[in-house]
1. Among the residues of the range 42-78, write down those that are touching a strand residue (DSSP E or B) at 6+ places or on another chain (Cβ under 8 Å) and either on the phi > 0 side of the Ramachandran plot or part of a loop (DSSP other than H, G, I, E, B) (or both).
2. What are the residues in the range 79-95 that are without any contact (Cβ under 8 Å) to a residue 40 or more places away in the chain and either at positive phi or in contact with a strand residue (DSSP E or B) (Cβ under 8 Å, 6 or more places away or on another chain) (or both), if any?
3. Out of the residues in the range 1-38 that are assigned to a strand (DSSP E or B) and in contact (Cβ under 8 Å) with a residue 24 or more places away in the chain, state the one that is surrounded by the fewest Cβ atoms within 10 Å (Cβ to Cβ).
4. Which one of these is more than 17 Å from residue 3 (Cα to Cα), more than 9 Å from the chain's Cα centre (by Cα) and surrounded by 13 or more Cβ atoms within 10 Å (Cβ to Cβ): 72, 55?
5. For the list (1) touching a residue at least 24 places away in the same chain (Cβ under 8 Å); (2) loosely packed, with under 13 Cβ neighbours inside 10 Å; (3) within 24 Å of residue 2 (Cβ to Cβ), I need the number of the one condition that residue 49 fails.
């Protein structure tokens, strides 16, 4: 099977839907900032209704699995690797 690249904007969209479902709000009410740190790896800060939450790598993977299954109709248990590029930002490689 060929690898699939999920761009940064789709990861952000996946996290918006993921948080919206958990908090029972609309995805449009969620703001996401993806982050990478050499020590802690990939994470995201999410904001909604004046609140803030930090999501760790496992949350990002869970959101991407949901996106793969529901929006891309792909195997949600495929291998997922996050990567960082100076020009493309953060993206996911699906094997």
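A short reminder: the numbers here are calculations on the coordinates, not readings from a lab. Keep in mind that what you see is a predicted model, and the values were worked out from it rather than measured. Please note: Cβ atoms are built from the backbone with ideal geometry, for glycine as well, and neighbour counts cover all protein chains shown.
1. Listed by number, the residues that qualify are 56, 72, 74, 78.
2. First, pick out the residues of the range 79-95 that are without any contact (Cβ under 8 Å) to a residue 40 or more places away in the chain: 79-81, 83, 85-87.
Hits for the range 79-95 are 79, 80, 81, 83, 85.
3. Our first condition is that a residue be assigned to a strand (DSSP E or B); within the range 1-38, this holds for 4-6, 31-37.
Narrowing the set further to residues that are in contact (Cβ under 8 Å) with a residue 24 or more places away in the chain leaves 4-6, 34, 36.
Numbers: 4: 14, 5: 11, 6: 21, 34: 19, 36: 13.
Applying the filter and picking the extreme gives 5.
4. Details: 72 fails: more than 17 Å from residue 3 (Cα to Cα).
Answer to the check: 55.
5. The single condition residue 49 does not satisfy is (3).
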